[in-house]
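The values are calculated or read from the model by the stated rules, or taken from the named source; none is laboratory data. Keep in mind the model is a prediction, meaning the values are calculated, not measured. Don't worry about glycine lacking a Cβ; one is built from the backbone with ideal geometry, like all the others, and counts go over all protein chains shown.
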Amino acid sequence: MKIPVVGFDPSLKNWGLAEATLDLDSGILSTPVLSVIQPKDDTGTKKRVRKNSLDLERAEQLASGAFAAAARAKVIFVEVPVGSKSARAMASYGICLGVLGSLRAKGMAIVEVSPEENKRHFTGDKTASKELMIATALENYPDANWPRMGKTGAIIASKAEHMADAVAAIHAGVQTPMFQNLMRLFQVTKE
């Protein structure tokens with residue numbers, strides 16, 4: 001049985017997405033379709049617009065993209081963000097959790113993984129660098145639509161890192177007890 005899945009790497013400015021098909025019998029993930037939701041930053045173009053109004057606009061753009069991808073999937077795997085060190089980062093954290101909470105409130109199956117689980121399951125190193133995460137994702141899915149620069153074909157790391165984390169969220173998420181329970185439900189409904 002094959003099911004559509006999506007991996008999320010939530011962020012206020014660069015929300016990574018990896019959409020694929022997961023074969024529940026073999027455990028093989030198809031080559032993911034990768035993208036990044038990047039809300040427009042109208043800070044410089046709008047005069048005297050409150051920061052919270054701009055945040056609400058960004059939240060709407062993130063939610064719109066996340067809901068569209070989630071609607072195409074049976075299971076959503078998410079590297080859930082953790083805390084923050086500044087007030088601004090905390091606002092980003094809150095918006096991301098709000099979008100995820102909205103998805104869950106709509107009854108969508110969300111499998112959570114921590115950043116450490118994501119790194120450990122994907123690379124074997126719980127402190128893996130962004131470069132290692134990208135390299136591992138490229139090695140596993142060389143034919144995916146990785147963002148590349150014009151003639152050189154070099155990977156655009158600022159986007160690829162979020163895509164790699166989204167792919168890793170799927171890899172880590174299938175190892176969780178929550179997903180194993182969901183798999184049993186899928187198997188029962190298949191019969």
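Each residue in region 1-13 was checked for being within 13 Å of the chain's Cα centre (by Cα) and modelled with pLDDT of 95 or more, and 6 of them qualify. Taking the listed residues Arg58, Arg88, Arg104, the one that is of a type in the set (Lys, Arg) and within 22 Å of Leu185 (Cβ to Cβ) is Arg104, with no other qualifying. The condition (being at pLDDT 95 or above, more than 14 Å from Ala166 (Cα to Cα) and in a strand (DSSP E or B)) is satisfied by just one residue among Leu17, Leu22: Leu22.
Do we find that Val82 is touching a Phe, Trp or Tyr at 6+ places or on another chain (Cβ under 9 Å), free of Cβ contacts under 8 Å to residues at least 60 places away in the same chain and not in a helix (DSSP H, G or I) in this structure?
Working: touching a Phe, Trp or Tyr at 6+ places or on another chain (Cβ under 9 Å): yes; free of Cβ contacts under 8 Å to residues at least 60 places away in the same chain: yes; not in a helix (DSSP H, G or I): yes.
Against the criterion (touching a Phe, Trp or Tyr at 6+ places or on another chain (Cβ under 9 Å), free of Cβ contacts under 8 Å to residues at least 60 places away in the same chain and not in a helix (DSSP H, G or I)), Val82 qualifies.
Scanning region 71-129 for residues that are under 14 Å from Gln175 (Cβ atoms), more than 15 Å from the chain's Cα centre (by Cα) and either loosely packed, with under 13 Cβ neighbours inside 10 Å or of a type outside the set (S, T, N, Q) (or both) gives Arg120, His121, Gly124, Lys126.
Quick check on Met163: is it assigned to a helix (DSSP H, G or I), surrounded by 19 or more Cβ atoms within 10 Å (Cβ to Cβ), in contact with a Leu (Cβ under 7 Å, 6 or more places away or on another chain) and not hydroxyl-bearing (Ser, Thr, Tyr)? Full working, then the answer.
Details: assigned to a helix (DSSP H, G or I): yes; surrounded by 19 or more Cβ atoms within 10 Å (Cβ to Cβ): yes; in contact with a Leu (Cβ under 7 Å, 6 or more places away or on another chain): yes; not hydroxyl-bearing (Ser, Thr, Tyr): yes.
Here the answer is yes, as Met163 does meet what is asked.
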